[in-house]
Amino acid sequence: MKALHNDAQTVSPACRIAVYMPGSTSLFSTGAAEAPFSAVNQLLGEEKYQLLWLSHPCQPTDERLRLPGPDILDDFECDLLMIVSHTAPEQPLLTAEKIKLQHLVQKRNVQIIAAHAGPFWLAECDLVTSQPVALHWSLMESFSERFPALIVSDHLYTTKDQVTTCAGQAALLDCLIQWIENREGHELAYAISDLLCLDRIRSADERQRIPAKHAGETQPRLTMAIELMENNIEEPLSTGEIASLVNISRRQLERLFKRYLDTMPARYYLQLRLKKARQLLLTTNTSIVQIGLHCGFSSGAHFSSAYKSYYQITPREERSKKFHPDRV
């Protein structure tokens, strides 16, 4: 593969990425933390990004991962610190551990990305206060119970100042590629996504797809409403019609969606239709007008306007950007 050399990139110092896994994690998450940086190094033909794996002061390194490294409490230099864990801390953090993390953010201005359950560590250290916190959908309820003053977001990732919180899993790939794009430009970001066989880079504006069963496991009418939406994409039902079919009032339906999905029924329905449209744009040769009609939009102009409002790109640009990223 031909390297994408750039004179300015060649002379710039390496960016040091520290990866801290204080709780149990998975090989997938470890790979997601490493893959975008390996890809960019391969594409540039140099070790532009160096990874440093950190260990927890009271937890031995998982032998399956084979990632021995210095302790989080040791002195080290980095430009970005990732906190990746699938489990929340069972006990309060060590005072020294909290001080170290606070020092990295507040004194040394290190950027931080906390993924999956990683935001629990940031919250324990008071490093997220006013910003919405993104974390894996399965942990939202327990996070809210533990930190009731904090706002939980169902977006894939959120950023404020130098702190980013992320849902983890595959969303960590999107988050890191976006982080690299902010430093290196969109052409290299698209090259990374191609190398990793990703059909697109999801933006921070996109939401996690929370399983309907989980979102409304104690609210069967919510589950029924979502199923009605999913089964009526081409000819959308009105909010009133959906409410009538599940035997509740429109106001009750709106309250259910707001409480369990933090959105309104019409907005959720529109997102389902737009996601279906995007899938068709990228995987079929069906005309853009026909895709709009298949997804319940009355005209090409209506479809294009709604699509651009949600994805910040027109359907035509969406279909062409994968093949011509430099033109977007």
- request: Kindly establish whether Ala134 is modelled with pLDDT of 90 or more and surrounded by fewer than 19 Cβ atoms within 10 Å (Cβ to Cβ).
  value: no
task: Kindly indicate the residue of the range 311-328 that is in contact with a Leu (Cβ under 9 Å, 6 or more places away or on another chain) and either at pLDDT below 90 or acidic (Asp, Glu) (or both) and also farthest from Glu181 (Cα to Cα) among those meeting that condition.
output: Arg319
task: Just give me the residues in the range 174-233 being modelled with pLDDT of 85 or more, of a type in the set (D, E, K, R) and in a helix (DSSP H, G or I), in sequence order.
output: Asp174, Glu181, Arg183, Glu184, Glu187, Asp194, Arg221, Glu227, Glu230
message: If I ask for residues that are without any contact (Cβ under 8 Å) to a residue 40 or more places away in the chain, assigned to a helix (DSSP H, G or I) and of a type outside the set (S, T, N, Q), which ones from the range 285-307 would you list?
response: Ile288, Val289, Ile291, Gly292, Gly300, Ala301, His302, Phe303, Ala306, Tyr307
query: Considering only residues of the range 137-153 that are assigned to a helix (DSSP H, G or I) and of a type outside the set (Phe, Trp, Tyr), which is surrounded by the fewest Cβ atoms within 10 Å (Cβ to Cβ)?
result: Glu145
query: What number of residues in the range 154-173 are without any contact (Cβ under 8 Å) to a residue 40 or more places away in the chain and in a strand (DSSP E or B)?
result: 1
message: Taking the conditions exactly as written (within 14 Å of Arg200 (Cβ to Cβ) and either over 20 Å from the mean Cα position of the chain (by Cα) or at pLDDT below 90 (or both)), does Arg259 satisfy them or not?
response: no
- request: Check the range 105-121 and report whether any residue there is at pLDDT below 85 and either touching a Cys at 6+ places or on another chain (Cβ under 6 Å) or part of a helix (DSSP H, G or I) (or both).
  value: yes
message: Please go through (1) under 30 Å from Tyr49 (Cα atoms); (2) part of a helix (DSSP H, G or I) for Asp126 and return the number of the only condition it doesn't satisfy.
response: (2)
- prompt: Can you name the condition, by its number, that Ala96 falls short on among (1) modelled with pLDDT under 90; (2) assigned to a loop (DSSP other than H, G, I, E, B); (3) farther than 30 Å from Ala39 by Cα?
  reply: (2)
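The values are calculated or read from the model by the stated rules, or taken from the named source; none is laboratory data. Quantities reported herein were computed from a predicted structural model and do not represent experimental measurements. Neighbour counts run over all protein chains shown; Cβ positions are idealised from the backbone, glycine included.
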